Structure formats: C-alpha cells, structure tokens
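Just below is one structure, and these are the notes that go with it.
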Amino acid sequence: DGKRYELIEGELRMTAPAGSRHGRLAMRVGSSLEQHVHSHDLGAVYAAETGFVLSHDPDTVRAPDVAFVSKQRLTEVPDTEGYPEPAPDPAVEVIAPDDTFMTFMEVEEKAVSWPKAGSRMVLVVNSSARTVHVYRSTGVATILREEHQLDAHDVVPGWRVPVREFFA
C-alpha cells in the first residue's frame, strides 16, 4: 500500500514519514557518525528505514533514524535480505518541529525499547530544544545542550562531537 510500518509485538503500526527538518537533522547526525566510523574502520552505519529485530514471539522490528553496528558485531548481521538481529549501538532517534505529538510519543517509546533489546546507547536528538538525550543501558540518562560535547567513545570508539554541530 506504499505506507511505512513498524512491527510492534506482532502488530503492524503505521508510522509517518519524516518531514524536512527531521530528515536534515538525521542526515547531519548520520553523516558525522558515518565519517568517523568509515575513517576508523569501526563497523557499519545504517540509514533510516533499516529495520532491526528487537524481539521474537511476538516479533518486533523497528527502524531508528540512524544506527551503528560495530565491526565485532557485524558477524551477527548477515549482509543479506531481511532485518539485522543485534540491536544497534547507538540507535539514534530524531524529534523535529515538523513531527506530530504522536510522533514525539512514539520516539520516547522507541527510546525505551532499544536498551531492552540490547542497545548500550540511544541518542534522542531534539531539534526544537537543541538537545541530545543520551540513554544508556545502565539506566543513566543525560541531557546534553548545544554547549556540551557528545562523547560516545564507549560504544563508538573516538566519536566525540560538539552538540551544536548537529544543529548548525
């Protein structure tokens, strides 16, 4: 039917396509991550629309706006058709002004689902607030503002980025 869906606990849930600001912000974050990962041969970065299997029986397949899987874990991700099984580190979700309230609620729900599936870090990048919420599987959550630096070296070795670069 040409619509976009995620599979949540065995049920198809229609999701809205990203708006202009959402897409541009996701691209900025993804580009920063991809450049760093590629130049240091750390693994693979996945664009939006790449579904990851988070659970079975009932099945859940979700797609972050940006995702990274380390070189060590790439053996768990067959480069074939289908959805990768290991949860990404990090999973990146974007909230932009053109997103609806329901989209905002869905992003928060997704942010909680990634660590449950094994992601060690989730980044929620909020365009309106110009913040990055960093959720770690340890339960620690941090809010970074424009004047801060995102330091994700524990999941993406060496990736440190001034938060303001995402909103430039």
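The values are calculated or read from the model by the stated rules, or taken from the named source; none is laboratory data. The model shown is predicted, which means the values in this text are computed figures rather than measured ones. So basically every Cβ, Gly included, is an ideal-geometry build from the backbone, and we count neighbours across all protein chains shown.
Some observations on this one:
- The single condition among (1) among the charged types (D, E, K, R); (2) modelled with pLDDT under 95; (3) surrounded by fewer than 20 Cβ atoms within 10 Å (Cβ to Cβ) that Lys110 does not meet is (3).
- Residue among Leu7, Leu25 that alone is crowded, with 17+ Cβ neighbours inside 10 Å, touching a Ser or Thr at 6+ places or on another chain (Cβ under 7 Å), among the hydrophobic types (A, V, I, L, M, F, W, C) and closer than 25 Å to Ala152 by Cβ: Leu25
- All conditions but one from (1) in contact with a helix residue (DSSP H, G or I) (Cβ under 6 Å, 6 or more places away or on another chain); (2) at pLDDT 90 or above; (3) within 22 Å of Ser31 (Cα to Cα) apply to Ala96; the one that does not is (2).
- Residues located in the range 11-35, provided they are hydroxyl-bearing (Ser, Thr, Tyr) and within 19 Å of Phe68 (Cβ to Cβ): Ser31, Ser32
- Verdict on Pro84 being modelled with pLDDT of 90 or more and buried (at least 20 other Cβ atoms within 10 Å of the Cβ): no
- Any hit, the range 145-156, residues being of a type in the set (Gly, Ala, Ser) and modelled with pLDDT under 95: no
- Selection of first residues in the range 81-110 that are without any contact (Cβ under 8 Å) to a residue 24 or more places away in the chain and of second residues that are surrounded by 14 or more Cβ atoms within 10 Å (Cβ to Cβ) and among the β-branched types (Val, Ile, Thr), restricted to Cβ pairs under 8 Å at least 6 apart or on distinct chains, gives the following pairs, ordered by first then second residue: Phe104/Ile95; Val107/Val94; Val107/Ile95; Val107/Val124; Glu108/Val124.
- The one condition in (1) charged (D, E, K, R); (2) on the phi < 0 side of the Ramachandran plot; (3) loosely packed, with under 12 Cβ neighbours inside 10 Å that Arg13 fails to fulfil: (3)
- Scanning the range 113-143 for residues that are in contact with a His (Cβ under 9 Å, 6 or more places away or on another chain), surrounded by 19 or more Cβ atoms within 10 Å (Cβ to Cβ) and of a type in the set (A, V, I, L, M, F, W, C) yields a total of 5.
- Contact map, the range 131-160: residues that are more than 19 Å from Trp114 (Cβ to Cβ) paired with residues that are β-branched (Val, Ile, Thr), Cβ distance under 7 Å, separation 6+ or inter-chain. Pairs shown: Arg145/Thr131; Arg145/Val163; Glu146/Val163; His148/Val163; Gln149/Val161; Gln149/Val163.
- Residue satisfying condition, being within 19 Å of Ala18 (Cβ to Cβ) and either within 16 Å of the chain's Cα centre (by Cα) or among the small types (Gly, Ala, Ser) (or both), within set Val156, Val134, Val125: Val125
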